[in-house]
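Notes for the one structure printed next.
Only the coordinates and a few stated rules stand behind these numbers; no lab work does. The structure presented is a predicted model; accordingly, all values stated were derived computationally and were not measured. Please note: Cβ atoms are built from the backbone with ideal geometry, for glycine as well, and neighbour counts cover all protein chains shown.
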């Protein structure tokens, strides 16, 4: 009986972990690396990119991460048409990006051409449908 209880707990924990792994894979795939590596990747792939400039304390940023970036239609469109990148506006390379691109609020999504030229931005959290429209608006701008 004791082994059955341990087995039940193990199965439960594995199920929870599996759900987390699947949820992470289902969302927008954000590039991991430096700013320079991001720009080089975009140029080599000839693919536009967007940057989610956020802060860890920002409620709307957390909302977008949980609700918009995990949406299947958003992730399908973003992963196919963009390289996505997240940067904390208050840490690491973030303050430099915030200053360079004049970010005044979080979240701000910056959209870039494959050559690394800023083509537009969107300030504030967006519902999935609105964010898809925003991505479409900036996808082919040069």
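Which whole-number percent gives the relative contact order of segment 28-139, counting Cα pairs below 8 Å spaced six or more residues apart? Value for segment 28-139: 37 percent.
Taking every DSSP beta bridge with both residues inside segment 28-139, roughly what % is antiparallel (nearest 5)?
On the way: 10 of 17 bridges.
Beta bridges within segment 28-139, antiparallel portion: roughly 60 percent.
Inverting the mean 1/r over all pairs of different Cα atoms, compute the Kirkwood radius of segment 28-139 and quote it in Å.
It works out to 13.8 Å.
The simple spin-label model puts a point 7 Å past each Cα toward its Cβ; for residue 62 and residue 136 those points are separated by 3.2 nm.
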